[in-house]
Amino acid sequence: MTAIVIVLLIGIPAGYLVISAEQSRDSGRNKQVESSATGLQPTRPSRMKQRVFEVPIPHGATRVRYFETSNWKTSRLYVQFDVTSARLDGFLSELGTSRSALEDGSVTITPRDRRTVGWNFDLPGHHWAGVRHVQQDPRPSQDVVVDLTDPGFPRVYVVSTTTP
């Protein structure tokens, strides 16, 4: 009976600590991989990042890629994805703007931000439209460029910028 009590009082908490430490170590490794990234990552940003940067990636979006930069002055989330035309309207609405706000031929993402992730908006034969969605600090502002070359399946580029 004493042996069982000792196992229960020592063994179970010790096992819990080992499992907890391993989960913490895995989390640290994942964060290290993410922070060492140097360009767009072929994954969807976490829901927390989507909420913080106010970039509501639509359900069903494909070819989702993102990259995050952060320093003492500003944090930016770069996101790119493909959607259907209807889901583009839903995305823009959820962002707080609309398709009618898109300016034909306008590329609202700065050259500096384009270089950061390697986006090229000088491609011939593409139909670009953009909108700048500015919000009051501390809420993030978004620069959105949409490639409407294939109107049924536009590609969306977003840079959301926030100042802590």
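The values are calculated or read from the model by the stated rules, or taken from the named source; none is laboratory data. All values reported here derive from a predicted model rather than from experimental measurement. We place every Cβ from the backbone using ideal geometry, glycine too, and count neighbours over all the protein chains shown. Quick note on the areas: whole protein, heavy atoms, side chains included, nothing else; ligands and nucleic acids left out. Shrake-Rupley method; radii C 1.70, N 1.55, O 1.52, S 1.80 Å.
Figures for the structure shown
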{"item": "Stokes-Einstein D (µm²/s) once Rh is taken as the Kirkwood radius of segment 1-145 over alpha-carbon pairs, at 37 °C in 0.692 mPa s", "result": "179 µm²/s"}
{"item": "Principal axis dimensions, segment 78-136 - Cα atoms, whole angstrom, descending", "result": "32, 28, 19"}
{"item": "Rounded percent of accessible protein surface that carbon and sulfur make up, the chain, 1.4 Å probe", "result": "57 percent"}
{"item": "Dipole of segment 50-96, positive end: most advanced residue of TRP72, VAL83, HIS59 [Cβ charges, Cα centre]", "result": "TRP72"}
{"item": "Dipole moment magnitude, nearest 20 debye, the chain about Cα centre, only Lys, Arg, Asp, Glu C-beta charged", "result": "400 debye"}
